[in-house]
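See below for the structure under consideration.
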Amino acid sequence: MSNNLREVEVVMHSEALLIGNKNMDESKKKTLQEMLFRFEAVRNAEDKKYVRMNAPKAKLQEIVDVLPGLKSPTIIPLADEDWCSVHTVLDQKRFWEIIGKLKELGAQGILVTPIEKMIL
């Protein structure tokens, strides 16, 4: 647990619910849709990490093949023409497995950032 805290007892289990009325006016429907959109963006980001790394261009295709990104990783050229920066999103479940493969392929300077929200 964080801050060296530990659970000693469960006081109560609870669940938050959002309830909508089928007959609500358009203004309230719009507000409801906006809230649902925002909730989904937070849920989409759960257990996801934004990963950036420097990669040798000679191994770029092999590195891209290892990445399960959303559509395709972002590739950015670097000042050193033999290297590029690769940006992608990884699931926490497979994170260490994938990072190990990337290191074997020569990826360096791997930076990992938590994702707060993700809009798909």
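May I ask you to rank 94, 43 by accessible area, largest first, using a 1.4 Å probe over the protein chains only? Walk me through the intermediate numbers first.
On the way: 94 100, 43 155 Å².
If we order 94, 43 from most to least accessible, we get 43, 94.
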Suppose every K and R has +1 on its Cβ and every D and E has -1 on its Cβ; what is the size of the dipole of the stretch 1-112 about the Cα centre, in Debye to the nearest 20? 220
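Ranked highest first by the average count of other Cβ atoms within 10 Å around their residues, in what order do 110-116, 75-81, 97-103 fall?
Values: 110-116: 11.9, 75-81: 10.1, 97-103: 15.4.
The most tightly packed comes first, giving 97-103, 110-116, 75-81.
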Hey, what did the chain get for relative contact order, percent, Cα under 8 Å, at least 6 apart? 34
With the contact rule set at Cα under 8 Å and sequence spacing of 6 or more, what percent relative contact order holds for the stretch 18-86? 28
Setting aside same-chain residues fewer than 8 positions from residue 103, which lysines have a Cα under 16 Å from its Cα? 57, 59
List the aspartates and glutamates whose Cα lies under 16 Å from the Cα of residue 48, skipping any in the same chain that are fewer than 8 positions away. 40, 91, 97, 116
Violating pairs (Cα-Cα greater than 22 angstrom) within the set 49/93; 49/101; 30/71: 30/71
Residue-by-residue Karplus 3J(HN,Hα) for the stretch 39-50, coefficients 6.51, -1.76, 1.60, Hz, glycine and proline x: 4, 5, 4, 5, 4, 4, 7, 4, 6, 10, 10, 8
For the charge dipole of the chain, defined by +1 on Lys and Arg C-beta atoms and -1 on Asp and Glu C-beta atoms about the Cα centroid, which residue among 41, 113, 73 has the Cα displaced farthest towards the positive pole? 41
By how many degrees, 0 to 90 and rounded to 10, does the Cα axis of helix 95-104 deviate from the longest principal axis of the chain? 10
Cα-based Rg and Dmax for the stretch 20-120, where Dmax is the largest Cα-Cα distance (Å): 18.5, 61
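The values are calculated or read from the model by the stated rules, or taken from the named source; none is laboratory data. Just so we're clear, the structure is a prediction, and the values are computed from it rather than from any experiment. Here Cβ is always computed from backbone atoms with ideal geometry, including for glycine, and neighbour counts include all displayed protein chains. To get the accessible areas, we keep the full protein, side chains included, count just its heavy atoms, and leave off ligands, DNA and RNA. Shrake-Rupley method; radii C 1.70, N 1.55, O 1.52, S 1.80 Å.
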